[in-house]
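S.K.: Have a look at this one before I ask anything.
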Amino acid sequence: MQTERVTFLTSRDHKAALDAFAASRGESVGNVVREATARYISRPPEAEGSSEAALELLLEELEEAIPQWNAKFDSMEASLDHAHEEVRKALAAVETTK
């Protein structure tokens, strides 16, 4: 594969973040930049806003679902508390018959 050199300017902090990210993955900075730009270029233009729209829809769904989940967790906790109490009573009754 024939290669070409690309140079770009960035801040010191961004360069440090790139270095750290690449090192954590065991890759070169060049490979990280190549992969990131390849993904960016291959994205269809209509996908740019769709991620944000999808996240907005997901957020709406989560905001609606979380109170329901919390109510179910509260109900399960009450059921478990009741079951534990019944088991304690049953064990105590067995102990008194010994």
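S.K.: Going through the stretch 1-33 one residue at a time, which ones are in a helix (DSSP H, G or I) and of a type in the set (Val, Ile, Thr)?
M.R.: Matches in the stretch 1-33: Val29, Val32, Val33.
S.K.: Then there's this: Scan the stretch 1-38 for residues that are acidic (Asp, Glu) and surrounded by 12 or more Cβ atoms within 10 Å (Cβ to Cβ) and report the count.
M.R.: So in the stretch 1-38, the residues acidic (Asp, Glu) come out as 4, 13, 19, 27, 35.
Imposing the further condition that a residue be surrounded by 12 or more Cβ atoms within 10 Å (Cβ to Cβ) reduces the set to 19, 27, 35.
Final tally of qualifying residues: 3.
S.K.: Among the numbered conditions (1) under 21 Å from the mean Cα position of the chain (by Cα); (2) surrounded by fewer than 10 Cβ atoms within 10 Å (Cβ to Cβ), tell me where Ile41 comes up short.
M.R.: Among (1) under 21 Å from the mean Cα position of the chain (by Cα); (2) surrounded by fewer than 10 Cβ atoms within 10 Å (Cβ to Cβ), Ile41 violates only (1).
S.K.: Would a scan of the stretch 45-63 turn up a residue that is hydroxyl-bearing (Ser, Thr, Tyr), outside any helix (DSSP H, G or I) and modelled with pLDDT under 90?
M.R.: No - not one qualifying residue is present in the stretch 45-63.
The values are calculated or read from the model by the stated rules, or taken from the named source; none is laboratory data. As the structure is a computational prediction, the values presented were derived from the model and not from experiment. Note that we place each Cβ from the backbone using ideal geometry, even for glycine, and neighbour counts take in every protein chain shown.
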